[in-house]
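These notes are about the structure you will find just below.
Only the coordinates and a few stated rules stand behind these numbers; no lab work does. Because the structure is predicted, anything quoted here is derived from the model rather than measured. Don't worry about glycine lacking a Cβ; one is built from the backbone with ideal geometry, like all the others, and counts go over all protein chains shown.
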Ligand SMILES: Cc1cc2nc3c(=O)[nH]c(=O)nc-3n(C[C@H](O)[C@H](O)[C@H](O)COP(=O)(O)OP(=O)(O)OC[C@H]3O[C@@H](n4cnc5c(N)ncnc54)[C@H](O)[C@@H]3O)c2cc1C
């Protein structure tokens, strides 16, 4: 693992930093880098405009191949971009699901027509996407999903309910896993449909979170429509395509995330010094431990990306997910203890401070993207070779 930039990477870093210096100005700079997890609604319209500015300058989708509008950036360049982005306090991105999940899946499974239709608006920051996988009775056990779709002339008709659909209320499209073969069980008979959200058959109800904002939603499909051609991969092969999407969540974004964590840590250390909490031996110990763990997390993430030119391998991805989400949750608790009584202030006319937002939102981080228990199962079974956990009997799953 090499920590220092190569000369080419150093030049790339300077190019990114310079562009950001020149463009994170005015309303974009006023956001102060806000708009991340737990803060998604903050300055949304300005951030949407920023996505277009990024797109016009060729700074969206930089890891995609050049032929699809990307820059074909190497992993180290993507890491550098994410680091400089956070350092410049550039606005929280609104196009991450299109760029990080749907786009790579279209590149892999899409027909030429689907690539022409769906990739350019993602690159341009013009169309936003959401992910319709989870349902009230299908989360960790996703293969239990029951939302169904059937062909009606040259359209799919979709009926059912998704839940926890992040950013659906701000999105134009949703990639939806649904059952297209009546009577099929578990992972068989599913299809991966691309569904426009702005239509009468779709009702989106935002769910208010602990942070008092609404990042995610319930999405109801009642005879919602999409054209017959908007199926990614073959009908009935949705499980395979759906898993491919999940594998595209890889570590480069995590390094940017870790830089945000470092900024949060520095802010907390500053607050601890200011309110005299650094004399408390227990808090000193916890602050030091948090710092050391964050450094280990960064080194482990860098190592997982070394020599990789694709999605992180499943066991490593699980270890990192378990590690960062637990670290951030512990950090949120530490932040509340450092703030002391101040941490307890809330109310209708009170804007939560960043430590409070971190504390509250980090509760969800050990759940989404595969809960801690699911990650431990993967590590136990695939890394340690422990006995496979018994599968539920319901549904007669193969
Ligand atoms: C902030 C946030 C954003 C999200 N965004 C999206 C989105 O955009 N699109 C989308 O489709 N979904 C999204 N989700 C949903 C997320 O994928 C699910 O919450 C997750 O898969 C867990 O499913 P569940 O909530 O149904 O919990 P369940 O699967 O019902 O789990 C409940 C509890 O049981 C445990 N458990 C379940 N199975 C096992 C097992 N086999 N062994 C041991 N323990 C087990 C879990 O760890 C958990 O503690 C989001 C969730 C959150 C919190």
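Just a few scattered comments:
- Selected residue (only one of 125, 72, 110 is more than 16 Å from the ligand (Cβ to nearest atom), free of Cβ contacts under 8 Å to residues at least 12 places away in the same chain and in contact with a helix residue (DSSP H, G or I) (Cβ under 9 Å, 6 or more places away or on another chain)): 72
- Hits in the stretch 162-174 (condition: within 8 Å of the ligand (Cβ to nearest atom), buried (at least 24 other Cβ atoms within 10 Å of the Cβ) and not in a loop (DSSP other than H, G, I, E, B)): 162, 168
- Candidates are the residues of the stretch 147-161 that are in contact with a strand residue (DSSP E or B) (Cβ under 8 Å, 6 or more places away or on another chain) and assigned to a loop (DSSP other than H, G, I, E, B); the one that is farthest from residue 94 (Cα to Cα) is 154.
- Selection status of residue 120, more than 19 Å from the chain's Cα centre (by Cα) and either in a helix (DSSP H, G or I) or within 23 Å of residue 204 (Cβ to Cβ) (or both): yes
- Of all residues in the stretch 208-219, none satisfies being crowded, with 18+ Cβ neighbours inside 10 Å, under 25 Å from the mean Cα position of the chain (by Cα) and at positive phi.
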